[in-house]
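The values are calculated or read from the model by the stated rules, or taken from the named source; none is laboratory data. Predicted model only: the values in this text are computed from it and were never measured. Heads up, the Cβs are rebuilt from the backbone with ideal geometry, glycines too, and the neighbour counts pull from every protein chain shown.
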Amino acid sequence: MDRCLKIEHARFHGGLHLAGFDTGVIAAPPRRLTCSPTTGRRTGCASRPSGCGCACRTTASLAALASLAAEGVHEPGERPFLTPWTEGGPDERAREVLRGHWADLAGWRPDRWALGLGVFTPDGEPLGQVTLRGDDFGVVREVRTSSWLGLRHHRRGYGTEARTAVLALAFDHLGARSALSEVFPDNHASQGVSRRLGYEPDGVAWDARDGEALRSDRLRLTRERWLADEHPDVRVARLDACRDWFIG
């Protein structure tokens, strides 16, 4: 598909710049990804002429993501997520996106972080969000991913492209050893993304929701498998300026 995605970290009066981050974006031209940290000025994807223009996300684009979530992120009657953030009304879903973003920023520590990235088309249309998480990452070198897409953007390959982008950041630039994903057996879309990217079964996980024990499939992608497969190229600039915030 001839398209280009851009995946951005939100910025509000400097966002993570206030904490010493040199924040940036990950952009996905056709068959190529580029991570291009910026300071809020518009920049090009320097990898090739077909790359898209990117800029750090603003409060306006964060609000656009919240509005997208308000429209719905899964079919009525489905419950693809353990936390019930999507099960309220439109206003509550929008507020959860905003609350989650600022909670992740406020709680960021090198030993426990969550990098939430908005996914947009080149012309700024919001598609969804993908999050990369690390607990004691500097020691265990393991990440977890989660994501959601607006319902009208399902089944178009955006989920695979977005997860590929954050996995490239984790494996190729932060030195991750493995990536985990926990997904309900009937969440076929997420299961399919994981299979396409080389995740393999790694047991099961049990959680409680509404007084019921729920099983999830635990899937693992190892560094060896990631390196053995072909992926779009990714260029990351100036990551050294904020590496300690991920590794400690």
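Structure values in brief
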{"item": "Candidate set: region 52-79, residues that are buried (at least 19 other Cβ atoms within 10 Å of the Cβ) and under 27 Å from residue 208 (Cβ atoms); chosen: the one modelled with the lowest pLDDT", "result": "73"}
{"item": "Residue in region 136-169 that is surrounded by the most Cβ atoms within 10 Å (Cβ to Cβ), counting only those that are hydrophobic (A, V, I, L, M, F, W, C) and over 18 Å from residue 118 (Cβ atoms)", "result": "143"}
{"item": "Positions within region 211-230 being touching a residue at least 40 places away in the same chain (Cβ under 8 Å) and not small (Gly, Ala, Ser), in sequence order", "result": "214, 220, 221, 222, 223, 226, 227"}
{"item": "Cβ-Cβ under 7 Å pairs, at least 6 apart or on other chains, region 168-193 side among the aromatic types (Phe, Trp, Tyr), far side part of a loop (DSSP other than H, G, I, E, B)", "result": "184/80"}
{"item": "Residue check for residue 104: at negative phi, touching a Leu at 6+ places or on another chain (Cβ under 8 Å), surrounded by fewer than 21 Cβ atoms within 10 Å (Cβ to Cβ) and charged (D, E, K, R)", "result": "yes"}
{"item": "Any hit, region 133-141, residues being within 30 Å of residue 90 (Cβ to Cβ), in contact with a strand residue (DSSP E or B) (Cβ under 7 Å, 6 or more places away or on another chain) and at pLDDT 95 or above", "result": "yes"}
{"item": "Region 80-95 - residue that is outside any helix (DSSP H, G or I) and without any contact (Cβ under 8 Å) to a residue 40 or more places away in the chain and, of those, nearest to residue 213 (Cα to Cα)", "result": "83"}
{"item": "Candidate set from region 203-228 (those that are among the acidic types (Asp, Glu) and at pLDDT below 95); member that is surrounded by the most Cβ atoms within 10 Å (Cβ to Cβ)", "result": "217"}
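Results for (1) among the aromatic types (Phe, Trp, Tyr); (2) over 19 Å from residue 200 (Cβ atoms), shown as yes or no for each residue.
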{"site": "128", "(1), (2)": "no, yes"}
{"site": "132", "(1), (2)": "no, yes"}
{"site": "142", "(1), (2)": "no, no"}
{"site": "147", "(1), (2)": "no, yes"}
{"site": "152", "(1), (2)": "no, yes"}
{"site": "155", "(1), (2)": "no, yes"}
{"site": "163", "(1), (2)": "no, no"}
{"site": "171", "(1), (2)": "yes, no"}
{"site": "174", "(1), (2)": "no, yes"}
